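Scroll down for the structure; my scribbles are underneath it.
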Amino acid sequence: MPKFCVILAAAGKSERFGGQEKKTFAKIDGRPVFLRSIEAFVNRDEISQIILAVAPEDMGEMKSSYGANLGFMGVKLVEGGARRSDTVQKALAAVSEDAEFVAIHDAARPCLRGDRIDAVFAEAQQSGGAILAAPIVGTIKRVSETLIVDATVSRDRLFEAQTPQVFKKEWLLDAYQKLDDAAASDVTDDAEVVERAGHAVSVVISDRTNIKITTKGDVTLAGAILKARPNKPVRKFGAFEEAQW
């Protein structure tokens, strides 16, 4: 069985979330968003390593409030960077040698289903690189700077990229080595980095329940999605679970 490393990116500034608390620390039914995202991966046999990349200013809180649980679950903490690409590069430096594939997941996507992980992991093993993505279902308008509609854009074959995004480790390492500083400021996901390096990336169809927390209202929506699903126990918590959540 090929081994996978999972990198959870949690170093963003949460500027659109509002308030003093960052979105990754917001609570869903008493547990922080980032932990909910970790739970999707922690008990899977093919995963040999989980890395959580957080902003430098959040490292102290993460260690003091959640360090015991993260340690019990075997999660490695690393310091992220100013841009997403910087964060992923720093996390890649900590990936273990035995990992053949690397999956990168937004720590702010706490509603990921296990069957979607199965599907995107399987496709990555076949093609070398795969992402979850949901078909665009709304009507898309291109607008001017003054918010006047310029055109209605066909949604045919348009998909919204999600995570996890899963690649052969050597593809990802090579792609980030080739990424220059100007491009690093422009890319918005890891699939684009891999695409720029000349690799084809497959799409595994997902649905819109795999939401990314952006605003406070999304926390309520994520809670409703999770409550609608059957509860599955997560074994790797720790002695301090009740005290910390």
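Summing Cβ point charges (Lys, Arg +1; Asp, Glu -1) relative to the Cα centre of region 1-121 gives a dipole of roughly 380 debye.
Dipole of region 4-244, Cα-centred, from +1 at each Lys and Arg C-beta and -1 at each Asp and Glu C-beta, to the nearest 20 debye?
Computed about the Cα centre, the dipole is about 820 debye.
Peptides 205-217, 134-146 ranked from most to least packed give 205-217, 134-146, packing being the mean of other C-beta atoms within 10 angstrom over each peptide's residues. For the residues Leu112, Leu221, Leu35, a GNM of the chain with alpha-carbon springs under 10 Å puts the largest fluctuation on Leu221. Remark: for residue pairs Lys22/Lys169; Lys27/Lys76; Lys13/Lys90; Lys22/Lys168; Lys168/Lys212, the C-alpha separation exceeds 27 Å in Lys22/Lys169; Lys22/Lys168. The phi-based Karplus calculation (6.51 cos²θ - 1.76 cosθ + 1.60; θ = phi - 60°) puts the 3J(HN,Hα) values of region 151-168 at 6, 9, 9, 5, 8, 4, 6, 9, 10, 9, 5, 10, 10, x, 10, 10, 9, 4 Hz, whole numbers, x for Gly and Pro. Neighbour counts of C-beta atoms inside 10 Å place Met1, Met73 in the sequence Met1, Met73, starting with the fewest.
Using a 7 Å offset from Cα along Cα-Cβ at Thr214, what residues in region 137-155 end up with backbone N under 17 Å from the label point? Only 137-143 fall inside the zone, counting backbone N under 17 Å.
Among DSSP bridges having both ends in the chain, what percentage is antiparallel? Round to the nearest 5. List each step's numbers first, then the result.
Details: 16 of 38 bridges.
Counting DSSP beta bridges with both partners in the chain, the antiparallel share is about 40 percent.
In order along region 197-204, the Karplus-derived 3J(HN,Hα) couplings, from 6.51 cos²θ - 1.76 cosθ + 1.60 at θ = phi - 60°, round to 7, x, 9, 7, 10, 8, 10, 10 Hz, and Gly and Pro are given as x.
Estimated from the Cβ-Cβ distance and a Förster radius of 45 angstrom, the FRET efficiency linking Glu195 and Lys27 is about 0.80.
Within the straight-line cut-off of under 18 Å between alpha carbons, the aspartates and glutamates reachable from Lys178 are Asp86, Glu170, Asp186, Asp189, Asp190, Glu192, Glu195, sequence neighbours fewer than 8 places apart in one chain being disregarded.
Once the Cα-Cα distance is subtracted from the 0.36 nm per residue extended length, the Asp207 to Ala228 segment shows a gain of 6.0 nm. What you get for region 142-210, charging only the Cβ of Lys and Arg (+1) and of Asp and Glu (-1), is a dipole of about 280 debye around the Cα centre. Once the dipole of the chain is set up with Lys and Arg at +1 and Asp and Glu at -1 on Cβ about the Cα centre, which of Tyr176, Ser154, Leu112 lies farthest towards its positive end? Sorting the options by dipole projection puts first Leu112. Note on Thr146 and Glu97: the extension gain reaches 12.5 nm, defined as 0.36 nm multiplied by sequence separation minus the Cα-Cα distance.
Computed from the coordinates by the stated procedures, all read-outs in this text should not be read as laboratory data. Values in this document were obtained by computation on a predicted structure and should not be read as measured data. Because the Cβ atoms are built from the backbone with ideal geometry, glycine has one as well, and the counts that use them run over all protein chains shown.
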